[in-house]
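Here the structure comes first, spelled out in structure tokens, and everything after it is commentary.
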Amino acid sequence: MDRIVVTGNGPLSGQIPIAGAKNACLTLMPATLLSDEPLTLTNAPRLSDIRTMTTLLQSLGAEVSALNGGQVLAMSSHGLNNHTADYDIVRKMRASILVLGPMLAREGRAIVSLPGGCAIGARPVDLHLKAFEAMGADLDLRDGYVHAEAKGGLKGAVIDFPVVSVGATENALMAATLAKGTTVLKNAAREPEIVDLARCLRKMGAQIEGEGTSTITIEGVDRLHGATHPVVTDRIELGTYMLAPAIAGGEVELLGGRLDLVAAFAEKLEAAGVSVTETDKGLKVARKTDRVRAVDVVTEPFPGFPTDLQAQMMALLCFAEGTSVLEERIFENRFMHAPELMRMGARIEVHGGTATVKGVEKLKGAPVMATDLRASVSLILAGLAAQGETVVSRVYHLDRGYERVEEKLGNVGAKIQRVQGDG
Ligand code: UD1
């Protein structure tokens, strides 16, 4: 397995292009299952999660071709011939559950493996399933699979989510486009990826109102047609690379960056003493002071501070003057990066969903282990300003969500390389 070696190398300068959003692409791809006409996505990111979704769709009989080096995904579901999403693929990626809604809506049945080992436990999909039941589907959980059937098709319903869920909102939204009658999603997620999905579905002929607010209304139609859609900018990749100059110093322009995608996060950066300005090509981030100031962070559904940037923000706050408190409200057990940062000399205490970070002047490079996607990139970010060499192993997590990370950071002056081999 590859490792990434980062050596603290002073301030950064230059430009980093931001890719299309992984999480948007992972819900736009299953939308192809809703129509027998082609759906083409442009600005797709080149990531292993996208390849996993490609394999899953192909296993159902869809055609998916990656063109233009993977930035264009040409898909067609006219020849669907399988209704079962197999455990071997689904276990690799939780987002696989997003094929359930579209398949059920168009075909009237679907069998999908529950993602992970105990999906109705710590990482449940109960909200997805309850939405389909409300729309008239019969569900049966057997042998680790959800067997779903909607004889005569799905019916519109009022669905009031008890918890804001990005995935459940996306799944229900896709299913409702082909349901009979009106569906109202209340307490819906407002993430930009949902707005992007609704825009694409509307191009395919769906009737949707209210995306980006907490009430989305969908008027079911008989069929959807083909479309071409550009994937929205990845706000998590954007936020991650905004932190690079904040941590290492210097000034970097994030090409394609948009402030509205990262407003709550940018506010915290500015409170820490980092400047964020809009340019005609994106966003420019600069840290001119010696050290940043401590800030407190609470993760929340959009438009709040994203949980997917919490680990990276913690890397910055390790170097801050003063004590910061980070509260994780979306996922339990999402501080796996803290012990690894502590191996580099960070002072962090974790109690339940709260991490207290006492800023230090210096971190020292160390061998560290990436435990998940965002944790792994937080260790790379910390390594940009640590003394000496930080060796991050198990970087396969990284490749799920960041394309060419060593090239993007190397181009702005970071000393970073991928070493092939064990680790
Ligand atoms: C998506 C993102 C992920 C991000 C998360 C929160 C994708 C592919 N992934 O994940 O990167 O971290 O949003 O912004 O888009 N929950 C339930 N029952 C359910 C579903 C969720 O209780 O049926 C809970 C979860 O355990 C969690 C919360 O709801 O505590 C939010 O999860 P959710 O928004 O559904 O996350 P995902 O869609 O899986």
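Within the range 291-423, DSSP assigns beta bridges of which about 55% are antiparallel (rounded to the nearest 5).
Taking the alpha-carbon centroid of each part, what is the distance from the range 229-307 to the range 146-195 in angstrom? If we compute the Cα centre of each part, the gap is 31 Å. Cross-linked pairs 92/155; 92/415; 22/203; 281/364; 281/358: Cα-Cα separations exceed 29 Å for 92/155; 92/415; 281/364; 281/358.
Length gained on full extension, residue 279 to residue 82: 66.1 nm, using 0.36 nm per residue less the C-alpha separation. When 111, 380 are sorted by how many other C-beta atoms sit within 10 angstrom of their C-beta, beginning with the fewest, the order is 111, 380.
Working ranking of peptides 63-72, 411-420 by packing, defined as the average number of other Cβ atoms within 10 Å per residue, highest first, is 411-420, 63-72. Counted by neighbouring Cβ atoms within 10 Å, the residues 379, 238, 259 run from fewest to most as 259, 238, 379. Each part gets one Cα centre, and for the range 30-101 versus the range 392-423 those centres are 26 Å apart. Across the range 4-9, rounded Karplus estimates of 3J(HN,Hα) from the backbone phi angles (6.51 cos²θ - 1.76 cosθ + 1.60, θ = phi - 60°) give 10, 10, 10, 10, x, 9 Hz, Gly and Pro being marked x. For the range 269-423, a/c is less than 1.5, where a ≥ b ≥ c are the root eigenvalues of the C-alpha gyration tensor. That puts it in the rounded class.
With the convex hull drawn around the C-alpha atoms of the range 1-135, the volume per residue stands at 157 Å³.
Annotation for residue 182 and residue 214: the two label points, set 7 Å from Cα along the Cα-Cβ direction, are 2.1 nm apart.
Taking 8 Å as the Cα distance limit and 6 or more residues as the minimum spacing, I'd like the relative contact order of the chain as a percentage. Here the relative contact order equals 21 percent. Counting only DSSP beta bridges with both residues in the chain, the antiparallel share comes to about 70 percent. Amide H to amide H distances under 5 Å link residue 157 with 183, 184, where only residues 5 or more positions off or on other chains count and H is placed in the peptide plane. Listed by chain and number, the lysines whose C-alpha is less than 19 Å from the C-alpha of residue 284, apart from same-chain residues fewer than 8 away, are 268, 408.
Bear in mind that the values in this text are calculations on the coordinates, not laboratory data. Please read all numbers here as calculations on a predicted model, not as lab measurements. Using ideal geometry, Cβ is built from the backbone for each residue, glycine included, and neighbour counts are taken over all protein chains shown.
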